[in-house]
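Worksheet for the structure shown next.
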Amino acid sequence: MKGITRARTGFAGAVATLTVLALAACGGGSDSAGDGGTDGGDGGDLIRVGFSQLGAESGWRTANTESVKESLSEENGFDLTFVDAQQKQENQIKALRDFIAQDVDVIAFSPVIETGWDEVLQEIKDSGIPVVLVDRTVDTTVDDPFVTWIGADFTQEGTTAGEWVAENAPDAKIFELQGTLGSGAQVDREEGFGAVVGDQIIGKASGNFTRAEGKTAVEAALQAYPDMTMIFTHNDDMGLGAIEAIEAAGKTPGTDIQIVSVDGVRDGLQALVDKKFNYVVECNPVFGDQLAELITKVANGEDVPKETIVIDEAFDQTITQAEVDARAY
Ligand code: AHR
């Protein structure tokens with residue numbers, strides 16, 4: 001497993017009918033939310049946070065970045081340096097080293113993939129700066145590499161999707177459209193889904209969590225697996241790309257080829273209302289307030305839980321337009 005132990009699911013018995021819920025790093029963009037700081041500046045009581053976001057690959061990521069920036073504002077007591085790594089691990093590692101050089105109070109980051117962090121995590125540990133992991137997880141040999149982690153239970157998301165398939169489409173022939181290979185979200189969703197309906201999967205490929213690459217992967221899959229009747233996509237953006245590929249092939253998404261997705265961003269849920277998606281397992285990106293609370297406690301040396309699971313829900317085609325319109329993201 002990973003550098004953390006996951007204890008439980010944030011899904012409150014999710015069922016099919018539950019329809020309630022870049023500093024300039026090389027190649028990356030950055031911005032600093034405040035011009036104060038703790039070290040001798042005019043913002044002496046602000047908590048200086050270096051946040052390395054992995055990219056802007058999806059609607060989910062955009063919503064997560066907005067939530068993080070809104071919560072880690074100067075008004076709320078933070079001096080945030082935010083760096084977008086553009087989905088490149090080397091950009092993230094450079095940003096993390098920059099944060100060490102700046103001697104920030106807390107380093108937070110969403111690791112694009114699970115492995116490859118040993119060296120830089122050891123450097124951070126040697127610097128004494130506490131680490132808060134956000135969204136995705138790491139697989140490292142470094143002992144006790146982070147203080148706390150906040151994110152979703154990706155394995156449970158895959159399991160919830162699999163259970164819906166087992167109940168509603170037990171004969172489906174499934175193509176699995178995977179996220180960035182080696183990312184926590186990909187590894188764990190694959191594991192959770194495969195444990196339930198692995199024998200129904202006829203093919204897999206990665207769409208790197210983007211709409212464009214999702215479309216390309218499905219165009220190829222339609223040729224390679226002409227008998228597929230369902231796509232399990234690891235996020236909505238790739239599923240939306242899949243819709244384009246399916247329609248271009250003269251087939252009807254949601255009917256000829258069912259689509260089960262993860263995220264629950266507005267465009268994904270709109271596809272559910274439009275009957276082009278069949279089921280969506282939420283991955284809630286709006287946890288900036290919880291993150292801010294954790295970072296404050298960490299900066300103050302207070303106890304925090306080793307992990308915080310963000311609560312997710314799940315949606316089927318009974319979701320209404322009004323519910324979609326009321327979504328925050
Ligand atoms: O790590 C969370 C995943 O990353 C989301 O499901 C996906 O949309 C994003 O790119």
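Read-outs throughout are calculated quantities, based only on the coordinates presented, and are distinct from any laboratory measurement. Being a predicted model, the structure only gives us computed values, none of them experimental. All Cβ positions, even for glycine, are placed from backbone atoms using ideal geometry, and neighbour counts span all protein chains on display.
Has the range 289-309 got at least one residue that is within 22 Å of GLY268 (Cα to Cα) and touching a Phe, Trp or Tyr at 6+ places or on another chain (Cβ under 8 Å)?
The answer is no; no qualifying residue exists.
When you check ILE150 against the structure, is it touching a Gly at 6+ places or on another chain (Cβ under 6 Å), buried (at least 20 other Cβ atoms within 10 Å of the Cβ) and in a strand (DSSP E or B), yes or no?
no
Restricting the range 226-250 to residues that are of a type in the set (Asp, Glu) and closer than 19 Å to GLU57 by Cβ, which is farthest from the ligand (Cβ to nearest atom)?
Looking at the filtered set, the residue picked out is GLU244.
Go through (1) closer than 29 Å to ARG189 by Cα; (2) more than 15 Å from the ligand (Cβ to nearest atom) and name the single condition PHE109 misses.
Failed condition: (2).
Read through the list (1) within 13 Å of the ligand (Cβ to nearest atom); (2) of a type outside the set (S, T, N, Q); (3) more than 15 Å from the chain's Cα centre (by Cα), then give the number of the only condition that TRP149 fails.
Here TRP149 meets the rest and fails (3).
Exactly one condition in (1) closer than 21 Å to ALA314 by Cβ; (2) surrounded by fewer than 21 Cβ atoms within 10 Å (Cβ to Cβ) is not met by GLU219; state its number.
Among (1) closer than 21 Å to ALA314 by Cβ; (2) surrounded by fewer than 21 Cβ atoms within 10 Å (Cβ to Cβ), the lone unmet condition for GLU219 is (1).
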